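Colleague: One structure coming up, written as structure tokens, with questions to follow.
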Amino acid sequence: MPVNFLTEPLISFTILLLAIFIVPPLFERLKLPGLVGLLLAGVVLGQNGLNLLNSNSETIKLLSDIGKVYLMFVAGLEIDIEQFRQTKNRSIGFGTLTFLVPLIAGIITGRLFDFSWNSSVLIGSLLASHTLLAYPIISRLGVIGNEAVTVTIGATIFTDTGALLVLAICVGIHGGDFTAFKLFTLLAGLAIYSIVILFGFNRVGKEFFRRTGEEEGNQFLFILLALFLASVGAQVIGVEKIVGAFLAGLAVNGVLGNSPVKEKVEFIGSVLFIPCFFVDMGLLIDIPAFIKTLSSIGLTAAIVVALIGSKFVAAFLAKIFYRYNNSEMLTMWSLSLPQVAATLAATLVAYQSLNPAGERLISEDVLNSVIVLMLVTAIMGPIITARVARFLQVIPATDWKTDSLSVWWESQEAVIEQAEKADNRLQQDYPPFIVVVPIYNPLTQRYLLEMAALLARHESGQIMPLAITQAHVNMDDPTLVTALEKSQERLRLALEISQEFDVKASPTIRIDDDVALGISHASREHNASLVVMGWGNTRNFRARLFGSLIDKVFWSSHCPVAVTRLLKSPTEIKRILVPVGDLTRVTIGTVRFAQILADANQAEVVLLHVSQRLIPAHQVTHFTSQLSDIANQSKLQVNTNIQTIVGDDIAKVIIEQAQAFDLVVLRSVRYRTAGGLAVSEVTTQVINNLKCSIVMLGEPQSCP
């Protein structure tokens, strides 16, 4: 019998996987969002194209539903609760503005085009939320500490929750026979349900994670169970499942933190389920109707203009109320522009919501207009953010008055406390400074050990050469015995090198199933102060390493990690370059690390700041002055110079300047997205093109 592509689940799933695997990378190469490619893939594969997928098939419905709730779940996970608490009042204030103004603009737009009051309110709610697509940009620019940015991030929790609440009410009203008593019952049920989810799931989750410890598999399943229980519970009380998914994300937000489990939860959603949702959105697009909507562009233009204008008005009012400057106002506006997660999920729910007469809550014209809105704002928002956020100023959060590696990553309070002790402390007041050095390759381990020995000697500490041997089922397995012998030989060489530097060494062998966790566990067990690791020269090896071993160590380590590519002996390093793009705690720690390494090796440090042409001269001068103060706080006898160069291609400037240096010290940039440690495009270009040695520092996850 011939196979029917529209009904065979396995074939439909295979086609979906092919589209998800092939299309997004192609669009990203064209500098277009991958989700745009997924929408177009849905159009091409749907009834208006090749007719290989059917949105009404059970397979597509299931995967799309999972993707829809997963999208809202991740939206809840990505909200930084701590940042919301720091600026709670102003976040609620701006959240109210950027919710109510677009809501009113949407209602007016709906009424102008003769939609019912219920549909108009729903259109307004679609404009009220926002998605923080530009978070990686502000993270890279180092301006997350600016109050206007923090307030906008915190406002997300208010706008998304409010939009989903309005959606629940509008869908209930559209179902017919909706009285005031039923509205009261719905709101009361939603309030009780929200309390159960937000507090119950959070408490149970923390207890479960405490009891299960390192059992990541069970923890992952627990999080998925929480997601789907919350979604089903929402349907039971009569509201949309995406409301429950969003609340579940908020509830387990504090449980997961930045753990590897969170990475896995977001990863499976971002590579599989959420793309399925976007493909299904493309399947729903009727090309003739879409073209007709665009040809009579009135509604689409009105919705887009209403969103852009109302978000600007909200940001302008926030500027007046909170006395922000123009750069802060424009950043708040651009961050609140993108309409992706909550908007698309709510739009699909509203479009699929039918009343007893078979009428949809919103028309196909509105669906098509929202898709255009998503495309416009998803591109426009990040572009504006990249242009205006660079003008924001962030006052350094930490006063670095220590010259000790032992506390360079700690909070300001800890640094000050340690500094006060420094004048009259006894040696036993401090725990021993231990540098863990995982070793594997005999050809490169000497330079790693020399680097660790220099730092340990500066801190009057010791090194711990660590050899991880892959575990076997049988401890007498010949392969394991051979591996242990090789590890012992490498450790003997490590001991000889430590003696050359007159540094105490504690060689350690560990048998473990997971190399990365073995490194992190050993570091924690011995209360290590620093981990020094290496990576290879080739791109493929580096990419493989960053995608697995080093990525895991960055995520799980309790202390800073220095990832190195050393092309010469550290004792020969005389000139150190440190690119400085911002004055965050991590960057300042990187500066101090370079100074301490230079002091241990009588080297020179140059702090390089690449200033883009649009930045005012007075702002560059102010930044340089702050950087000079930070550099001069150190009492080390280190020659530290500051160099400022104007240029728009930051990576190119760094690569050109680095030609005269022996070592470049970079910092890791950790984004709140799936995939763990994410290195920015600038850092990636620098790493791939530098011809000198490199050290890249990553802070422990517990750091604020």
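Colleague: What's the number of the condition Ser120 fails, among (1) free of Cβ contacts under 8 Å to residues at least 40 places away in the same chain; (2) open to solvent by 20 Å² or more (accessible area, probe 1.4 Å)?
Modeller: Of the numbered conditions (1) free of Cβ contacts under 8 Å to residues at least 40 places away in the same chain; (2) open to solvent by 20 Å² or more (accessible area, probe 1.4 Å), the odd one out for Ser120 is (2).
Colleague: Under 7 Å between Cβ atoms, at least 6 apart or on separate chains: pull out the pairs that start in segment 260-285 with a residue that is in contact (Cβ under 8 Å) with a residue 40 or more places away in the chain and end on any residue that is in a helix (DSSP H, G or I) and of a type in the set (Phe, Trp, Tyr).
Modeller: The qualifying pairs are Pro260/Trp555; Val261/Phe220; Glu263/Trp555; Lys264/Phe220; Val265/Phe220; Gly269/Tyr70; Phe273/Tyr70; Ile274/Tyr70.
Colleague: Quick one: count up the residues across segment 142-171 that are closer than 17 Å to Ala191 by Cβ and open to solvent by 20 Å² or more (accessible area, probe 1.4 Å).
Modeller: Result for segment 142-171: 6.
Colleague: Okay, moving on. Within the set of pairs 6 or more residues apart or between chains, which connect a residue that is hydroxyl-bearing (Ser, Thr, Tyr) inside segment 458-471 to a residue that is outside any loop (DSSP other than H, G, I, E, B) and open to solvent by 30 Å² or more (accessible area, probe 1.4 Å) with Cβ atoms less than 8 Å apart?
Modeller: Listed pairs, sorted by first residue: Ser460/Gln427; Thr469/Ala483; Thr469/Leu484; Thr469/Ile509; Thr469/Arg510; Thr469/Ile511.
Colleague: Surrounded by fewer than 21 Cβ atoms within 10 Å (Cβ to Cβ) and either small (Gly, Ala, Ser) or over 19 Å from Phe277 (Cβ atoms) (or both): which single residue out of Ala357, Ala345, Ala341 fits that description?
Modeller: Ala357
Colleague: Limited to segment 492-508, what total is found for residues that are in a loop (DSSP other than H, G, I, E, B) and either charged (D, E, K, R) or without any contact (Cβ under 8 Å) to a residue 40 or more places away in the chain (or both)?
Modeller: The total comes to 1.
Colleague: Tell me which residues, restricted to segment 23-50, are open to solvent by 40 Å² or more (accessible area, probe 1.4 Å), within 15 Å of Asp280 (Cβ to Cβ) and not in a loop (DSSP other than H, G, I, E, B).
Modeller: Within segment 23-50, Leu40, Val44 meet the criteria.
Colleague: Suppose we filter segment 151-187 for residues that are under 18 Å from Phe99 (Cβ atoms) and out of contact with any Lys or Arg (no Cβ under 8 Å at 6 or more places or on another chain); how many remain?
Modeller: Selection size over segment 151-187: 19.
Colleague: Another one. Determine, yes or no, whether Leu636 is surrounded by 13 or more Cβ atoms within 10 Å (Cβ to Cβ), within 26 Å of Ser693 (Cβ to Cβ) and under 28 Å from the mean Cα position of the chain (by Cα).
Modeller: Details: surrounded by 13 or more Cβ atoms within 10 Å (Cβ to Cβ): yes; within 26 Å of Ser693 (Cβ to Cβ): yes; under 28 Å from the mean Cα position of the chain (by Cα): no.
No.
Colleague: Condition first: in a loop (DSSP other than H, G, I, E, B) and touching a Lys or Arg at 6+ places or on another chain (Cβ under 8 Å). Can you find one or more residues in segment 344-357 that meet it?
Modeller: Looking for residues that are in a loop (DSSP other than H, G, I, E, B) and touching a Lys or Arg at 6+ places or on another chain (Cβ under 8 Å), one finds at least one in segment 344-357, hence yes.
Colleague: So, Ala516, is that one surrounded by 15 or more Cβ atoms within 10 Å (Cβ to Cβ), within 30 Å of Leu690 (Cβ to Cβ) and free of Cβ contacts under 8 Å to residues at least 60 places away in the same chain or not?
Modeller: yes
Colleague: Taking segment 618-630 only, how many residues are modelled with pLDDT of 80 or more and in contact with a Ser or Thr (Cβ under 7 Å, 6 or more places away or on another chain)?
Modeller: 1
Colleague: Related question: Being at pLDDT below 75 and of a type in the set (D, E, K, R) is the requirement here; does Lys574 meet it?
Modeller: Details: at pLDDT below 75: no; of a type in the set (D, E, K, R): yes.
For Lys574, the condition - at pLDDT below 75 and of a type in the set (D, E, K, R) - is not met.
Colleague: Being at pLDDT below 80, outside any loop (DSSP other than H, G, I, E, B) and among the hydrophobic types (A, V, I, L, M, F, W, C) is the requirement here; does Val606 meet it? Full working, then the answer.
Modeller: Numbers: at pLDDT below 80: no; outside any loop (DSSP other than H, G, I, E, B): yes; among the hydrophobic types (A, V, I, L, M, F, W, C): yes.
No: the conditions fail for Val606.
Colleague: Right, here's the next one. Got at least one residue in segment 230-250 being in contact with a Leu (Cβ under 7 Å, 6 or more places away or on another chain), of a type in the set (Phe, Trp, Tyr) and surrounded by 14 or more Cβ atoms within 10 Å (Cβ to Cβ)? Steps first, please.
Modeller: Quick first cut of segment 230-250, residues in contact with a Leu (Cβ under 7 Å, 6 or more places away or on another chain) only: 230, 237-240, 242-243, 245-250.
From what is left, the residues that are of a type in the set (Phe, Trp, Tyr) are 246.
Then drop every residue that is not surrounded by 14 or more Cβ atoms within 10 Å (Cβ to Cβ), which leaves 246.
Yes, there is a match, as at least one residue in segment 230-250 is in contact with a Leu (Cβ under 7 Å, 6 or more places away or on another chain), of a type in the set (Phe, Trp, Tyr) and surrounded by 14 or more Cβ atoms within 10 Å (Cβ to Cβ).
Colleague: For Leu97, indicate whether it is touching a Gly at 6+ places or on another chain (Cβ under 9 Å) and part of a helix (DSSP H, G or I).
Modeller: no
Colleague: Exactly one of these conditions fails for Glu417: (1) modelled with pLDDT under 85; (2) open to solvent by less than 30 Å² (accessible area, probe 1.4 Å). Give me its number.
Modeller: Failing condition for Glu417: (2).
Colleague: Please give the number of the condition Ile383 fails out of (1) modelled with pLDDT of 90 or more; (2) under 19 Å from Leu133 (Cβ atoms).
Modeller: (1)
Colleague: Quick check: anything in segment 673-687 at pLDDT 90 or above, among the acidic types (Asp, Glu) and either surrounded by 14 or more Cβ atoms within 10 Å (Cβ to Cβ) or within 30 Å of Glu78 (Cα to Cα) (or both)?
Modeller: For segment 673-687, residues at pLDDT 90 or above, among the acidic types (Asp, Glu) and either surrounded by 14 or more Cβ atoms within 10 Å (Cβ to Cβ) or within 30 Å of Glu78 (Cα to Cα) (or both): absent.
Colleague: Still on this structure: Determine whether segment 279-291 contains at least one residue that is in a helix (DSSP H, G or I), modelled with pLDDT of 80 or more and under 30 Å from Ala191 (Cβ atoms).
Modeller: No: segment 279-291 contains no residue that is in a helix (DSSP H, G or I), modelled with pLDDT of 80 or more and under 30 Å from Ala191 (Cβ atoms).
Each row is one residue, and each column tells you yes or no for (1) surrounded by fewer than 16 Cβ atoms within 10 Å (Cβ to Cβ); (2) in a strand (DSSP E or B).
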residue	(1), (2)
Thr590	no, no
His618	yes, no
Thr621	yes, no
Leu627	no, no
Thr640	no, yes
Ile655	no, no
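Colleague: Tally time: how many residues in segment 273-325 are of a type in the set (Asp, Glu), under 26 Å from the mean Cα position of the chain (by Cα) and surrounded by fewer than 23 Cβ atoms within 10 Å (Cβ to Cβ)?
Modeller: 0
Colleague: Specify the residue that is surrounded by the most Cβ atoms within 10 Å (Cβ to Cβ); the eligible residues are those in segment 483-508 that are under 13 Å from Glu450 (Cα atoms) and of a type in the set (D, E, K, R).
Modeller: Of everything passing the filter in segment 483-508, Lys504 is surrounded by the most Cβ atoms within 10 Å (Cβ to Cβ).
Colleague: Residue check, Ile81 against (1) over 21 Å from Leu133 (Cβ atoms); (2) surrounded by fewer than 17 Cβ atoms within 10 Å (Cβ to Cβ); (3) of a type in the set (A, V, I, L, M), all met but one. Which one?
Modeller: In the conditions (1) over 21 Å from Leu133 (Cβ atoms); (2) surrounded by fewer than 17 Cβ atoms within 10 Å (Cβ to Cβ); (3) of a type in the set (A, V, I, L, M), Ile81 misses (1) alone.
The values are calculated or read from the model by the stated rules, or taken from the named source; none is laboratory data. Everything numeric in this text was worked out from a predicted model, so none of it was measured. Neighbour counts run over all protein chains shown; Cβ positions are idealised from the backbone, glycine included. Note: areas computed on protein heavy atoms with side chains; ligands, DNA, RNA excluded. Shrake-Rupley method; radii C 1.70, N 1.55, O 1.52, S 1.80 Å.
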